[in-house]
1. Could you report the chain's accessible area per residue, 1.4 Å probe, as an integer in Å²?
2. Compute the Cα gyration tensor for region 16-88, then decide on rounded, prolate or oblate, letting a ≥ b ≥ c be the square roots of its eigenvalues: rounded whenever a/c is under 1.5, prolate when a/b is larger than b/c in the other cases, and oblate in all that remain.
3. Suppose each label sits 7 Å from its Cα in the direction of the beta carbon; what would the Asn25-Lys78 distance come out to in nanometres?
4. So between Glu40 and Thr64, what do we pick up on full extension, going 0.36 nm a residue minus the alpha carbon distance?
5. Out of all Cα-Cα pairs in the chain, roughly what percent, to the nearest whole number, are more than 22 Å apart?
6. Can you pull the percent of the chain's accessible area that's carbon plus sulfur, 1.4 Å probe, other chains left in place?
7. Considering the zone a paramagnetic label at Ala118 would reach in this model (a point 7 Å from Cα along the Cα-to-Cβ line), which residues of region 1-44 have amide N under 17 Å from it?
8. Along the charge dipole of the chain, which of Thr74, Gly62, Met125 sits closest to the positive end, that is, farthest toward it, with unit charges on the beta carbon of Lys, Arg, Asp and Glu (+1, +1, -1, -1)?
Amino acid sequence: MIEEERMKMIMDHYENPRNFGPLENPTVILRGGNPNCGDEINIYIHMDGGNLIEDISFDGAGCTISQASTSFLTEFLKGKTVSQLEELDSDYLRELLGKDIMITRPKCSRLALETLKAWARCFQMGKTS
Ligand code: FES
């Protein structure tokens, strides 16, 4: 992806975030934050009773990169399984955000992914529903 297209896409997800706002009946609510800047995200998930993420949304306030990457991830994860979430690594975000942003803004880039993956580990161990 060329840099100009990438920046346009990031700004579009920041200004028009996908899946924004709480779900009506989430089965899971996750809170993530970056203590260095105070930015926060809430992620709402509706599970199907098994391993499938039926619906997912988010809200919060934060920098362009943290909000855009959360928006990307909610789009990707809707209809996916927790196992697919566990398999997701930084390569997915690197493809979307670009290597430079991943290096210079690691905490912003990975805020949502790390919040989700920490939950996925607990979910698979049966510690949360
Ligand atoms: Fe706070 Fe990016 S500056 S998450």
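1. On the way: 6830 Å² over 129 residues.
I get 53 Å² per residue for the chain.
2. Numbers: a/c = 1.84, a/b = 1.65, b/c = 1.12.
Prolate, since a/c reaches 1.5 and a/b exceeds b/c.
3. Result for the modelled spin labels: 1.9 nm.
4. Values: separation 24, 0.36 × 24 = 8.64 nm, distance 1.22 nm.
Extra length available between Glu40 and Thr64 comes to 7.4 nm.
5. Working: 2563 of 8256 pairs.
So the pairs more than 22 Å apart make up 31 percent of the total in the chain.
6. Details: 3370 of 6830 Å².
Carbon-and-sulfur percentage of accessible area, whole number: 49.
7. 28-44
8. Looking along the dipole axis, the top candidate is Met125.
The values are calculated or read from the model by the stated rules, or taken from the named source; none is laboratory data. Because the structure is a prediction, the values reported are computed rather than measured. With ideal geometry, Cβ positions are generated from the backbone for all residues, glycine too; neighbour counts draw on all protein chains shown. The protein model used for the area step is the full one, side chains on, heavy atoms only, and it has no ligands, DNA or RNA in it. Shrake-Rupley method; radii C 1.70, N 1.55, O 1.52, S 1.80 Å.
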